[in-house]
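Here the structure comes first, spelled out in structure tokens, and everything after it is commentary.
The values are calculated or read from the model by the stated rules, or taken from the named source; none is laboratory data. The structure displayed is predicted, hence computed values, not measured ones. Virtual Cβ from ideal backbone geometry, glycine too; neighbours counted across all protein chains shown. Surface accessibility is based on the protein's heavy atoms, side chains included, excluding ligands, DNA and RNA. Shrake-Rupley method; radii C 1.70, N 1.55, O 1.52, S 1.80 Å.
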Amino acid sequence: PEEVGSFFSASFSLLYLQSVEQARVTAWSSVVGSTCLPAVILLIFTRNYILTALATVNIMMIVVCVIGAVTLFGWTLGLFEAVCITLLVGFSVDYTVHLAIAFGEADAALTRQQRMHMAYSSLGVSVAAGSLSTFCACLWLEAATITFLVKFGSFMLLAVGIAFAFSIFMFPAMVSFAGPVHSQGKLSCRFLSGDNKNNKNNKS
């Protein structure tokens, strides 16, 4: 009623439940958006829909495995877990995207296996070093006394380990089996490939 004036909730439990619900919505929306964005970026830079599809499937499998492993730990989707899931796709994308772009930049005249070998040779060490440095940095969080930091460290160790395993073992196997051969799956984008510029120079 108007005579009551303004009011606000003073219940900590109610405010906490509202925060958890909002965090859950934000977590799942960030997972969906962060999974679609790398697909668009890969399609722009590789200009190959087959390679983009394989990399996107690999990223989705990483997300599903990490969330499934979290469930096996007995964690419920609370506020802390929602924050962790919000950051999940960022670590799941990194290694796979690097190898996918390296594969796309390799000589198209080579076979799938040879192109994947070149991707390993050019960025394999960097991917391994990046995952190792992140993994070692997260180990220190296991010695923390704050509950969130310990849980966050465990989540990051799990996410980095699964992302590295899928990018090093699963993704190369997928590409070597069903990856693009020569110009297969290549999109013809003249404004991206520079064909318009070459045509103008030839006409002049």
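For 28, 140, 75, give the ranking by accessible area with the largest first, probe 1.4 Å.
140, 28, 75
Once both labels are modelled 7 Å past Cα along the beta-carbon direction, what's the residue 133-residue 18 spacing in nm?
Spacing of the two 7 Å Cα→Cβ label points: 4.2 nm.
Rounded to a whole number, what % of the accessible area of the stretch 1-128 do carbon and sulfur atoms account for, probe 1.4 Å?
Using a 1.4 Å probe with all protein chains present, the stretch 1-128 comes out at 70 percent carbon and sulfur.
Take 60, 174, 156 and sort them by solvent-accessible surface of the protein heavy atoms, 1.4 Å probe, largest at the top.
Final ranking, largest accessible area leading: 60, 174, 156.
Choose one answer from 125, 83, 97: the residue with the largest mean-square fluctuation in a GNM of the chain with alpha-carbon springs under 10 Å.
Looking only at 125, 83, 97, the largest GNM fluctuation is found for 125.
If you place +1 on the Cβ of every Lys and Arg, -1 on the Cβ of every Asp and Glu, and leave all else neutral, what size is the dipole of the chain about its Cα centre, to the nearest 20 Debye?
1080
Could you state the accessible area per residue of the stretch 71-164 in Å², with a 1.4 Å probe and every protein chain left in place?
For the stretch 71-164, the solvent-accessible area averages 50 Å² per residue.
Rg to Rh for the chain: what is it, with Cα atoms only and Rh by Kirkwood?
Taking Rg over the Kirkwood Rh, I get 1.14.
Measure nothing fancy, just the Cα-based angle from helix 49-72's long axis to the longest principal axis of the chain, in degrees from 0 to 90, nearest 10.
30
Would you tally the net charge around residue 151, using a Cβ to Cβ cut-off of less than 15 Å, leaving residue 151 out, and scoring K and R as +1, D and E as -1?
Counting the neighbours of residue 151, the net charge comes to -2.
Counting every Cα pair in the stretch 44-163, what percent are over 19 Å apart?
Here the tail beyond 19 Å accounts for 53 percent of pairs.
How tilted is helix 12-46 with respect to the longest principal axis of the chain? Cα atoms for both, answer in degrees (0 to 90, nearest 10).
With both axes taken from Cα atoms, the answer is about 0 degrees.
Please identify, among 17, 87, 149, the residue showing maximal mean-square fluctuation in a Gaussian network model of the chain using a 10 angstrom Cα cutoff.
17
Could you give the nm distance between label points at residue 29 and residue 126, where each point is 7 Å from its Cα heading toward the beta carbon?
So the label points at residue 29 and residue 126 sit 3.4 nm apart.
Give me the accessible area of residue 186, 1.4 Å probe, in Å² rounded to the nearest 10.
So the heavy atoms of residue 186 present about 100 Å² to solvent.
Between residue 176 and residue 105, 0.36 nm times their residue separation minus their Cα-Cα distance comes to what?
Length gained, residue 176 through residue 105: 24.0 nm.
Roughly how big is the stretch 76-178's charge dipole about its Cα centre, with Cβ charges of +1 (Lys, Arg) and -1 (Asp, Glu), in debye to the nearest 20?
Approximately 120 debye in magnitude.
On a 0 to 90 degree scale, rounded to 10, what angle separates helix 79-105 from the longest Cα axis of the chain?
Helix 79-105 and the main axis of the chain meet at about 0 degrees.
Mind listing P(r) for the stretch 112-175? All alpha-carbon pairs, 10 Å bins, whole percents.
P(r) for the stretch 112-175, in whole percents per bin: 21, 40, 23, 12, 3.
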